[in-house]
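Quick notes on the structure that follows.
The values are calculated or read from the model by the stated rules, or taken from the named source; none is laboratory data. Keep in mind that this is a model prediction, so the values were computed, not measured. Note that each Cβ is placed from the backbone with ideal geometry, even for glycine, and that neighbours are counted across all protein chains shown.
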Amino acid sequence: MGIAVVIVIAIILLLVILTYAGNIRKRNKRLAAIRENWGKPADHLPNFKQVALYLQADPDQFRLSAATMADLDIEQVFTYIDRTCSKPGQQYLYNRLLSRAAIPANINNIDKQVDALPADKSVLETYQLQLAELSDPNAYYLPELFKAQESLFSPLVTFYIRVSGITVLALFMLMIATHNQLYFIVLMLMVMANFVIHYVNKRKVAQYTHSLPQLIKLINAATWFRKQTGTPVNQQVSDTINHMGSLKRSLSFVSINSAVRDPTDVMYALSELIKTLLLLEPLMFISSINLVNKYRPGIHLIFDYIGHIDFLISIRSVRDGLAYYSKPVFSPDSDLDIRELYHPLVTDCVANSINTSADRGVLVTGSNMSGKTTFIRSIAINALLAQTMFTSCSKSYSAPWLNIYTSIRISDDMEEHKSYFQAEALSVLDIMQQCDAAKPNKNLVLIDEIFRGTNTIERIAAAKAVLAYLTANGNFVFVSTHDLELAELLGSDYTTYSFEELVTADARLVFDYRMKPGLLKNKNGIAILQAMGYPQSVVDDAGLVSEQLRAKYQL
């Protein structure tokens, strides 16, 4: 009996020592990563299926469409701005980026809250280390606790789970003390039953057993941050933390469950064996489910509190990494006026400026690769960052609050038997239906190469009608096009700009990516054909037709 106790104590001490040493190594590694990554974007894409779990918890909220997300490369944009240290912070930021129902009441407070964060970098690093305690992938499942939880077990099985652990330990001690084979037989039967219950129900309770150890970390983090200078906290958050005592006590015994996560580690195998023998995961679920249901609103509130703090720190890191930035000015009746804006994902991006009103659209002409599509994307991305992080990649940003709609990447839909033009037409129709002038917010519409999938005459006619309709309904409209005739047809309803390029002697294109007022004026297409060795008769014929068209449109 004495030897067994000594062995058990020794094992417990070994586990404590190994856990402590592992935590020190983990902390030092995290601190080094925090210092290395400050002001820099992540070098890998996160698991967006898990990141989106919080976004999906509110399915009725207005958000960017899947098409617009693809058009704007939102996953890459998010990866660039994501400097969060916790999974709740990452999910909170993703939700802020995509959910754009109305002007948030606190949007103008964000900058004040960022400035209120500690200026001392070492203090800010302790904040990030605290947030990093919620960096385990299992923390992604915390939003699952926002929903009402139902019991998974019958009353009889629930009773067995409650008494199983203590019974297994008692039988083990009795077997060692008395060497009675009956205790051994009963113990083996219970072990087999526990293995069955554990693995049969593992998937059912996984989302809870994964998130519950993270919940106590979430509560601990909220308790810690409430005491720190510079972190936003209101009375509702403070009261909620104070009322979480019973839930925290219920979860305390499970915190060790998340200490070891490496499946190749011997410690992981040992912890998995102990959880199975004592039915710790099902016990964790049935012991906490009622309290989780009781405190669901509070859990959601604390999740947002931690996510918001991580979000604020992420803003400061993004700002520190930008070449320059501005703080937006929002006014419901203002023009869209952005000075020296650039695309944050384009290295050494050439900046351009734009000023337009909701009743005057913008046509952007230029050859392929000249920068016109990057420019219109950068407008939408600047609007998103301004409305999400109170930060614009520009020298100045002034605009109303904008809902964003795009039609940039279109493809045939073979499964639906849709042609390219049909897919285009449906995309543009959806934009027209969404851009109702009666909505409280203004709309920003981006269309790349409108109706490129049909013949020239009908493309230009349809494009003119659609674009005139959009501006007549008070939308900010940006359209890239090769159809110079649209400028004449739309008249004063649209301002025309162009991106141009030069052709070198060896037929290479040189782009300056500078947007210039007016229609595209160069003749580089034919010059390239000549430099590449096309027959002179082809070059001369093309040149003659080009001069006739330029005379017609006064180019």
### Query
Which condition number in (1) on the phi < 0 side of the Ramachandran plot; (2) of a type outside the set (Lys, Arg); (3) crowded, with 20+ Cβ neighbours inside 10 Å is the one that residue 451 fails?
(1)
### Message
Cβ-Cβ under 6 Å, sequence separation 6+ or interchain: first residue in the range 262-280 and over 13 Å from residue 192 (Cα atoms), partner at pLDDT 65 or above. Which pairs?
### Response
262/268; 275/281
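Matching residues to (1) touching a Phe, Trp or Tyr at 6+ places or on another chain (Cβ under 6 Å); (2) at pLDDT 80 or above:
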{"position": "134", "(1), (2)": "no, yes"}
{"position": "159", "(1), (2)": "no, yes"}
{"position": "178", "(1), (2)": "no, yes"}
{"position": "183", "(1), (2)": "no, yes"}
{"position": "190", "(1), (2)": "no, yes"}
{"position": "194", "(1), (2)": "no, yes"}
{"position": "201", "(1), (2)": "no, no"}
{"position": "205", "(1), (2)": "yes, no"}
{"position": "212", "(1), (2)": "no, no"}
### Task
Only one of these is in contact with a Pro (Cβ under 8 Å, 6 or more places away or on another chain), in a helix (DSSP H, G or I) and in the same structural domain as residue 47 (by TED's automatic domain parsing): 142, 131. Name it.
142
### Hits in the range 145-168 (condition: surrounded by 15 or more Cβ atoms within 10 Å (Cβ to Cβ) and assigned to a loop (DSSP other than H, G, I, E, B))
149, 152, 153
### Query
Restricting the first residue to the range 32-56 and requiring it to be assigned by TED's automatic domain parsing to the domain that holds residue 344 and closer than 16 Å to residue 318 by Cα, which pairs with a second residue that is among the aromatic types (Phe, Trp, Tyr) and surrounded by fewer than 15 Cβ atoms within 10 Å (Cβ to Cβ) meet a Cβ separation below 7 Å and a spacing of at least six or different chains?
none
### Elements of type helices (runs of 4 or more DSSP H) in the range 21-97, at least 1 residues being more than 15 Å from the chain's Cα centre (by Cα)
66-71
### Failed criterion for residue 321 (all others in (1) surrounded by fewer than 17 Cβ atoms within 10 Å (Cβ to Cβ); (2) under 22 Å from the mean Cα position of the chain (by Cα); (3) not basic (Lys, Arg) hold)
(1)
### Message
Checking residue 371 against (1) touching a residue at least 40 places away in the same chain (Cβ under 8 Å); (2) surrounded by fewer than 22 Cβ atoms within 10 Å (Cβ to Cβ): exactly one of these is not met. Which one?
### Response
(2)
## Note on the structure
Of the residues in the range 18-72 that are among the polar types (S, T, N, Q) and out of contact with any strand residue (DSSP E or B) (no Cβ under 8 Å at 6 or more places or on another chain), the one that is farthest from residue 444 (Cα to Cα) is 19
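Listed here are the residues, each with its yes/no results for (1) surrounded by fewer than 21 Cβ atoms within 10 Å (Cβ to Cβ); (2) touching a residue at least 24 places away in the same chain (Cβ under 8 Å); (3) under 29 Å from residue 398 (Cβ atoms).
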{"position": "65", "(1), (2), (3)": "yes, yes, yes"}
{"position": "74", "(1), (2), (3)": "yes, yes, yes"}
{"position": "86", "(1), (2), (3)": "no, yes, no"}
{"position": "99", "(1), (2), (3)": "yes, yes, yes"}
{"position": "111", "(1), (2), (3)": "yes, yes, yes"}
{"position": "122", "(1), (2), (3)": "yes, no, no"}
{"position": "125", "(1), (2), (3)": "yes, yes, no"}
{"position": "128", "(1), (2), (3)": "no, yes, no"}
{"position": "131", "(1), (2), (3)": "no, yes, no"}
